[in-house]
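Undergrad: Questions regarding the structure given below will be posed in turn.
The values are calculated or read from the model by the stated rules, or taken from the named source; none is laboratory data. Fair warning: this is a prediction, and the values are worked out from it, not measured in the lab. Neighbour counts run over all protein chains shown; Cβ positions are idealised from the backbone, glycine included. Note: areas computed on protein heavy atoms with side chains; ligands, DNA, RNA excluded. Shrake-Rupley method; radii C 1.70, N 1.55, O 1.52, S 1.80 Å.
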Amino acid sequence: MRRFLKLTVAGASRASARALRVAPRGCTSLTKAGQCQFAKSYATKVALTADSYPYVKRDPNYKQLEDSDIAHFTEILGDSKLVIQEDLDFYNEDYMHKYMGQSKLVLKPKTTQQVSEIIKYCNEKKLAIVPQGGNTGLVGGSVPVFDEIVLSLSSLNKIRSFDEVSGILKADAGLILENADNFLAEKGYIFPLDLGAKGSCHVGGTIATNAGGLRLLRYGSLHGSVLGLETVLVDGTIVDSLHSLRKDNTGYDMKQVFIGSEGTLGVITGFSILCPPRPKAKNVAFLGLESYEAVQKTFIEAKGQLGEILSAFEFMDNKSQELVKTYNKLDHPLEEPYPFYVLIESSGSNKDHDDEKLEQFLEDVMEKEIVSDGIVAQDETQLANLWSWRELIPEASQHKGGVYKYDVSLPLKDLYDLIPAVEEKLKAANLVGETDEFPVIASVGYGHIGDGNVHLNVAVRRYTKEIEKAIEPFVYEWVQQHHGSVSAEHGLGFQKKNYIGYTKSENEIKLIKQLKNLYDPNGILNPYKYI
């Protein structure tokens, strides 16, 4: 058995690793210098959603956009540059290059009052709206289906206040996640959410989708850390509940209705959130394991031995790492291949204490032969390099054509079984192969063991109806049979709207529809999505 080695492979710098993780949308490949290479006329490759899903029809109750409407919006915003009518592919095309809307207008309000006036007018005129943040969603929830107006929150991006005693941050919804975290770093705090797309996603968007991310194991979900919201309702009413109180037991906790509602009940324009102190010491171990059973045993040992300093526990299968290796053209951190890999992050306030606990844990799991091999980062560059082997999986999965992504929750004992079940289903349909005649490259699995969330990525050379028929609703039926959820953290959007019944009961769905009808009687907020 090999002992743990210091990481000797030269890793990418923190800057280049970050560039890889948050490459701009439309970027098909990255040079070794981290520069983006764009495909020519990339947007033309994506078929209109209306053509790909002809059974979805535009609601005739929605008004068609007229010149008088555009003139009114220009008057509200006071600047024609905030009313965009050309080069709208970025706003129409989703992050996965799977859906393409037909919006002819993007509005970029700079104040909550402007958002209020826009939404009120749209409701009165029955003009459909799609609220949009950084447009990094993975289920087609942030782009139009037909000609809905895109309401971009990108210009609403200011930090309003920060209390250095309590750690409570108040800011606009359009604040980019990485900018929020960088601001907090200067104050000695950390944002309680981390995502691979942090360089472009908006905090308001992550709240609207109840994003989970890489820090949920340590800091919990946004349902717990968000203290208050500023939300604009469909009639233009501004509901300001930007409380800075951790305890408020008066009346219904209304913010919870909007967290995860995906812009279907109201538009989030501001937030207050509790941010924890920034860890002074951080380390990462990257482990190789022989089985998924060993992954589970490692998790049990990590919880027991690392306790309060355990901040992330990510698992990956070998196929996912092979895709990343092909994508980044670098040597893998571990010399020998293993069926499974685990990335463990520790973070705390005392480096010597944390390093000792991590070293003792690693020695123990090696001696018990739970873990077969592993390495530990020795500096920030190596730490970022190890994380990149986890965070680059989404990009690596789609860089040869596309990817069907399924984000589900399952009991831990069943978590990985979904991936071979899907692979077998695709092979039975003769869709998987190493040559171009086969549309499917591979089915890979990775995710967050700490919260029972697995990401199934079906890497493809092209999107086809044959693939969709093979795996939908098979994936959702499988998840239902194993008592899971069809969406762990990506939301429902357009992709999963019709499959909510695999997780929610009839009475739960009825209640959701009642809330939608109450808050948005004309149905103008993010239509054709969610429910």
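Undergrad: For a bin width of 20 Å, list the pair-distance distribution of the chain built from all Cα-Cα distances, rounded to whole %.
TA: Per 20 Å bin, starting at 0, the Cα pair percentages come out as 22, 56, 21, 1.
Undergrad: Sticking with this one: Once phi is turned into θ = phi - 60°, what whole-Hz ³J(HN,Hα) does the Karplus curve with 6.51, -1.76 and 1.60 give for every residue of the range 198-211, x standing for Gly and Pro?
TA: 4, x, 9, 6, 9, 4, x, x, 5, 6, 5, 9, 6, 4
Undergrad: Here's a follow-up. Please report, as a whole percent, how much of the solvent-accessible surface of the chain comes from carbon and sulfur atoms (probe radius 1.4 Å).
TA: Of all accessible area on the chain, carbon and sulfur atoms account for 49 percent.
Undergrad: Next question, about the same structure. Tell me whether the range 73-217 comes out rounded, prolate or oblate; compute the Cα gyration tensor, take square roots of the eigenvalues as a ≥ b ≥ c, and use a/c under 1.5 as the rounded threshold.
TA: It is oblate, given that a/c is not under 1.5 and a/b is not larger than b/c.
Undergrad: Moving on. What lysines could a cross-link reach from Lys504, if we take a straight Cα to Cα line under 18 Å and drop same-chain neighbours fewer than 8 places away?
TA: Lys496, Lys513, Lys516, Lys529
Undergrad: Give me the distance between the Cα centres of the range 174-248 and the range 484-531, rounded to whole Å.
TA: After rounding, the separation between the Cα centres reads 22 Å.
Undergrad: For Val139, enumerate residues with amide H under 5 Å from its amide H, sequence gap 5+ or separate chain, H modeled in the peptide plane.
TA: none
Undergrad: Read phi for every residue in the range 497-502 and hand back ³J(HN,Hα) as whole Hz from Karplus 6.51 cos²θ - 1.76 cosθ + 1.60, θ = phi - 60°, with x for Gly and Pro.
TA: Values per residue, Gly and Pro as x: 3, 7, 10, 4, x, 6 Hz.
Undergrad: Taking the range 324-374, which trypsin sites (Lys or Arg not before Pro) meet the DSSP loop condition and have no more than 10 other C-beta atoms within 10 Å?
TA: Here the trypsin sites (Lys or Arg not before Pro) that fit, given the DSSP loop and packing criteria, are Lys329.
Undergrad: Same structure again: Can you list which of the chymotrypsin sites (Phe, Trp or Tyr not before Pro) found in the range 172-267 are DSSP loop residues with at most 10 other C-beta atoms within 10 Å?
TA: Those satisfying the criteria are Tyr252.
Undergrad: Taking the Cα centre of the chain as the origin, how large is its charge dipole in debye, to the nearest 20, when only Lys and Arg (+1) and Asp and Glu (-1) carry charge on their Cβ atoms?
TA: With only Lys, Arg, Asp and Glu charged at Cβ, the dipole is about 800 debye.
Undergrad: Now for a different question. In debye, nearest 20: dipole of the range 45-152 around its Cα centre with unit charges on the Cβ of K, R (+) and D, E (-)?
TA: 260
Undergrad: Can you list the trypsin sites (Lys or Arg not before Pro) in the range 47-133 that are in a DSSP coil and have 14 or fewer other beta carbons within 10 angstrom?
TA: Passing sites in the range 47-133 are Lys57, Lys63, Lys126.
Undergrad: Could you state the accessible area per residue of the chain in Å², with a 1.4 Å probe and every protein chain left in place?
TA: 43
Undergrad: Going down the table (Lys329/Lys357; Lys170/Lys247; Lys45/Lys400; Lys158/Lys255; Lys319/Lys413), which pairs top 23 Å between alpha carbons?
TA: Pairs exceeding 23 Å: Lys329/Lys357.
Undergrad: Taking every DSSP beta bridge that has both residues in the range 400-490, what percent is antiparallel when rounded to the nearest 5?
TA: Here the share of antiparallel DSSP bridges comes out near 95 percent.
Undergrad: Which value, in Å³ per residue, describes the convex hull spanned by the Cα atoms of the range 159-274?
TA: Cα convex hull per residue, to the nearest whole number: 99 Å³.
Undergrad: For the range 177-192, take each phi angle, set θ = phi - 60°, evaluate the Karplus expression 6.51 cos²θ - 1.76 cosθ + 1.60, and give the result in whole Hz per residue in order, putting x for glycine and proline.
TA: So the J values, rounded to whole Hz, are 4, 5, 5, 4, 5, 5, 4, 5, 4, 5, 9, x, 10, 9, 6, x.
Undergrad: Classify the range 400-490 from the C-alpha gyration tensor, please: rounded if a/c falls under 1.5, else prolate or oblate depending on whether a/b exceeds b/c.
TA: Note, shape of the range 400-490 comes out prolate.
Undergrad: Once you have a ≥ b ≥ c as the square roots of the Cα gyration tensor eigenvalues for the range 280-393, tell me rounded if a/c is under 1.5, and otherwise prolate or oblate according to whether a/b is larger than b/c.
TA: Because a/c hits 1.5 or more and a/b fails to exceed b/c, the range 280-393 counts as oblate.
Undergrad: Where the convex hull is taken over the Cα atoms of the range 228-355, what is its projected area averaged over directions, in nm²?
TA: 12.6
Undergrad: Between His482 and Leu48, what length in nm is gained on full extension when 0.36 nm per residue of separation is reduced by their alpha carbon distance?
TA: 152.8 nm
Undergrad: Which of Pro333, His482, Ser166 sits closest to the plus end of the dipole of the chain, meaning its Cα is farthest towards the positive end, when Lys and Arg get +1 and Asp and Glu get -1 on the C-beta?
TA: Ser166
Undergrad: While we're here: Taking amide H atoms as placed 1.01 Å from N in the peptide plane, list the residues 5 or more away in sequence, or in a different chain, whose amide H sits under 5 Å from that of Gly270.
TA: Sorted by chain and number, the residues that satisfy this are Ala173, Glu230.
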